[in-house]
């Protein structure tokens with residue numbers, strides 16, 4: 001497979017993005033790597049009743065959520081509302097992005113809550129159920145990141161004014177603390 005085809009599959013180019021959109025784009029790399037790590041662990045756990053592996057997965061997912069939340073808050077709190085001024089929020093790309101954020105967070109939370117409530121005791125059915133939540137979150141977010149990189153961020157780059165892009169940059173960096 002040639003390089004351009006592969007880079008298209010792995011996400012769009014960030015070369016022509018303004019600093020704020022490039023920053024959001026670039027945050028996907030480390031998030032994607034963490035996500036791939038917990039996905040592999042979840043796949044390996046399916047069909048087992050392995051407690052220590054489940055605990056390791058819990059730690060990875062918990063850490064991932066801690067890093068995903070601020071990223072999604074920057075998108076939901078600043079980028080999405082700016083874009084909604086142009087394309088609305090009830091239907092279309094912003095509605096889809098917010099729905100996918102909600103679904104991914106829901107699956108990650110179901111995993112964390114399910115693990116926390118099992119008191120260190122899980123049979124194969126429980127392990128499969130919990131691993132399934134992590135796998136589902138991975139599937140949603142993999143597709144979601146590609147949509148943002150290939151559709152949403154380039155759309156924002158074309159749509160937002162220079163002043164809006166500066167405001168976006170200032171606001172997402174203010175949110176980083």
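Observations on the model:
- Scanning the stretch 100-110 for residues that are at pLDDT below 95, surrounded by fewer than 20 Cβ atoms within 10 Å (Cβ to Cβ) and under 14 Å from the mean Cα position of the chain (by Cα) turns up nothing.
- Residues (in contact with a helix residue (DSSP H, G or I) (Cβ under 6 Å, 6 or more places away or on another chain) and farther than 30 Å from residue 52 by Cβ) located in the stretch 98-131: 100, 101
- Options 75, 59, 36; residue that is buried (at least 18 other Cβ atoms within 10 Å of the Cβ) and modelled with pLDDT of 95 or more: 75
- Pairs with Cβ under 9 Å, 6+ apart, first in the stretch 60-72 and within 16 Å of residue 97 (Cα to Cα), second at pLDDT below 95: 70/175; 70/176; 70/177
- Scanning the stretch 138-159 turns up one or more residues that are without any contact (Cβ under 8 Å) to a residue 40 or more places away in the chain and under 17 Å from the mean Cα position of the chain (by Cα).
- Check on residue 169, in a helix (DSSP H, G or I), over 16 Å from the mean Cα position of the chain (by Cα) and closer than 21 Å to residue 30 by Cα: yes
The values are calculated or read from the model by the stated rules, or taken from the named source; none is laboratory data. Note that the structure is predicted; figures quoted are calculated from it, not measured. Using ideal geometry, Cβ is built from the backbone for each residue, glycine included, and neighbour counts are taken over all protein chains shown.
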